[in-house]
Amino acid sequence: MEKKRIIYRLFDDHEEKHYVNSTLDHQKLEELVEEFKKENKDKVFAKEFISFLHQHDPEAMEVEVRDFFF
């Protein structure tokens, strides 16, 4: 059975929006954010968090989302 992939929309402490494709569920992602905050003085920046996330989910990656109309 293929792993379910979820796209999360992240807002970091720069208030920038990023999209991340991951196989982790919401609960696990929240746990990892808390772990990351402890190691990084309560600041979460998307690029650094995505690198950290990749250690726990090797398939995680940032994705670009664009509008498409037809």
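None of the figures in this text is laboratory data; all of them are computed from the coordinates on show. Computed from a predicted structure; not experimentally measured. Every residue, glycine as well, gets a Cβ built from its backbone with ideal geometry; the counts of neighbours run over all protein chains shown.
Brief remarks on what is shown
- The chain: GluC sites (Glu not before Pro) falling in loop per DSSP and having at most 16 other Cβ within 10 Å: Glu2, Glu15, Glu16, Glu59, Glu64
- For mean projected area of the Cα convex hull in nm², the candidate list reads (1) 7.2; (2) 5.3; (3) 5.9; the entry that matches the value derived from this model is (3).
- 5 angstrom amide H check on Val44, placed H, neighbours 5+ away: Asp13
- In degrees, nearest ten, helix 46-56 long axis to first principal axis of the chain (Cα): 90
- Karplus 3J(HN,Hα) series, Hz, for segment 8-16 with 6.51 cos²θ - 1.76 cosθ + 1.60 (x for Gly, Pro): 9, 9, 10, 10, 9, 6, 8, 6, 9
- Sparsely packed trypsin sites (Lys or Arg not before Pro) within the chain, loop by DSSP, other Cβ within 10 Å at most 14: Lys3, Lys4, Arg5, Lys41, Lys43, Arg66
- Summed residue charge, Cβ within 9 Å of Phe45's Cβ, Lys/Arg positive, Asp/Glu negative: -2
- For the chain, calculated [θ]222 nm from helices alone, where every DSSP H run of n ≥ 4 adds -39500 (n - 2.57): -11000 deg cm²/dmol
- Under the Karplus curve 6.51 cos²θ - 1.76 cosθ + 1.60, θ = phi - 60°, whole-Hz ³J(HN,Hα) for segment 27-37, x wherever Gly or Pro sits: 4, 5, 4, 4, 4, 5, 4, 4, 4, 5, 4
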